[in-house]
Amino acid sequence: MKLLLVTFSDNADHQDTVFGMYEELRKDRDLDVYLLAIKTPKVPLKKSSHTWLVDCPKRPGITKKTFDLPLLHSIVSRVKKAQFDAIWFESLHVWNLPIMKSVKGKTYIYHVIHEVIPHEGDRQVKGVDFFNKTLVKLADTIVLRNKTYIPAMVERYHISPDRVKYMELWRRYPGYTEPTHSNRVLFFGRINPYKGADNLLKIVRLCPDVSFDVVGRVDPEMEDVVKKLSKEPNVRLETGYVSDEEMKKVFINADWAIVPYNSASQSGIIIDAYKYSRPVIAFNVGAIAEQVVDGTTGYLIKAGDIDAFSEKVREAAAMPESEYDMMSQNAYSIGSKKYAASGKVDDFKKFIEGNL
């Protein structure tokens, strides 16, 4: 079987997902797998003649670089000429569309959709909805990373249920990371409305004895909230670019990761927390309950209950080390079993081959 994995994403999480599976599949001599990705990835990659790295637009929507038609044409031609049995698109990008159109009917097309219902308040709502509607027309199978939103996908985009499949997220997983007992709590990722930046500010103020690391790019509409966060004495704020190695450090230096989201599908931050053996505290929104084993790998809090969330943060920070160490081990062992790329290879191959 000849397979192409594609992500033009500039986000480290999408890159890690695709690169991890690509490297695992390359170990299989019965599978001829290729990778098409951005020229300047943020995570490590073992390059070979099967890695096609291109100078694509870094943003998924319309930019000046989107209209580099000679390069786009060369990519489309190369993909068509290779005659793949299947292509897997992990992330949204305008350049996915002409590639999909060029091989439709000749190559089986999979496309992952991470956000079935665009988040209200997100500047990209209209763009995501347009992408999803277009992908439904072009892909043979739409892949969701949770089970919760399958009915919504079918209803919202008028797609046949047999064309929507579930495949869990995965990441590269290192060995177990020992706790640091730092009494630090981490909020990681985009600081925007749906990820609960407003909730975070309230939680920080209700937990004056807990130290918070807030690390992520700031959306313009959240600048006022971030300015207030920067003045809180128990907050260390980092809003610049964070490398893969720096990301690893902020997770390891924290005891807990928090996910105070207003809405969500699934959360890659939870997978990354488990990857570094860190339990999580999260609002029970979207499909988060599919990821957190309440009381074992972390805690689920009723959506919007700021007082309960803050109380749990205070309790977690004061947890005896032996009890915390057990939760840390649970987070890693359950997380690695569920999300490690190395353990997903057989499932992934069966998934691809089953549809072919």
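The values are calculated or read from the model by the stated rules, or taken from the named source; none is laboratory data. Bear in mind that the values here come from a model prediction, so they are computed numbers and not experimental data. No Cβ is skipped: glycine too gets one built from the backbone with ideal geometry, and neighbour counts run over all protein chains shown. We work out accessible area using only protein heavy atoms, side chains counted, and drop any ligands, DNA or RNA first. Shrake-Rupley method; radii C 1.70, N 1.55, O 1.52, S 1.80 Å.
A few notes on this one:
- Overall, the anisotropy analysis places region 282-341 in the oblate class: the square-rooted eigenvalues a ≥ b ≥ c of its C-alpha gyration tensor yield a/c not less than 1.5, with a/b not exceeding b/c.
- Carbon and sulfur %, accessible surface of region 251-296 computed with the full protein complex present, 1.4 Å: 43
- Order of exposure, largest accessible area first, which applies to THR177, THR148 with probe 1.4 Å: THR148, THR177
- Computed helical MRE - 222 nm, the chain, DSSP H runs ≥ 4 contributing -39500 (n - 2.57), nearest 500: -11500 deg cm²/dmol
- Checking the Cα-Cα distances for LYS133/LYS350; LYS46/LYS248; LYS46/LYS349 against a 23 Å cut-off, the pairs over it are LYS133/LYS350.
- Separation between Cα centres of region 163-213 and region 13-87, rounded to whole Å: 29
- Once backbone amide H atoms are built at 1.01 Å from N, VAL293 has GLY298 as its partners under 5 Å, excluding neighbours fewer than 5 places away on the same chain.
- Assigned charges on the beta-carbon of Lys, Arg, Asp, Glu; region 311-352 dipole about Cα centre (debye): 420
- For ILE75, the solvent-accessible surface computed with a 1.4 Å probe is close to 10 Å², ligands and nucleic acids excluded.
- Close amide H contacts of ILE301 (hydrogens built in the peptide plane, cut-off under 5 Å, sequence separation of 5 or more or a different chain): ALA282, PHE283, ASN284.
- In the chain, taking the dipole from charged Cβ atoms about the Cα centre, the farthest positive-side position among HIS158, HIS73, LEU229 is held by HIS73.
- The residues of the chain expose on average 44 square angstrom of accessible surface per residue, using a 1.4 Å probe on protein heavy atoms.
- Three-way shape call for region 248-331 based on the alpha-carbon gyration tensor, with the a/c threshold at 1.5: oblate
- Taking amide hydrogens as placed 1.01 Å from N in the peptide plane, the amide H of VAL235 sits under 5 Å from those of PHE212, each at least 5 positions away in sequence or on another chain.
- Normalised contact order of the chain, rounded percent, pairs of Cα under 8 Å and 6 or more residues apart: 15
- GluC sites (Glu not before Pro) within region 63-151, DSSP loop, no more than 15 other Cβ atoms inside 10 Å: GLU120
- Global geometry of region 7-80, whether rounded, prolate or oblate, following the gyration tensor of its Cα atoms and the 1.5 cut on a/c: oblate
- Within the chain: Cβ-based charge dipole about Cα centre, in debye rounded to nearest 20 (Lys, Arg +1; Asp, Glu -1): 1520
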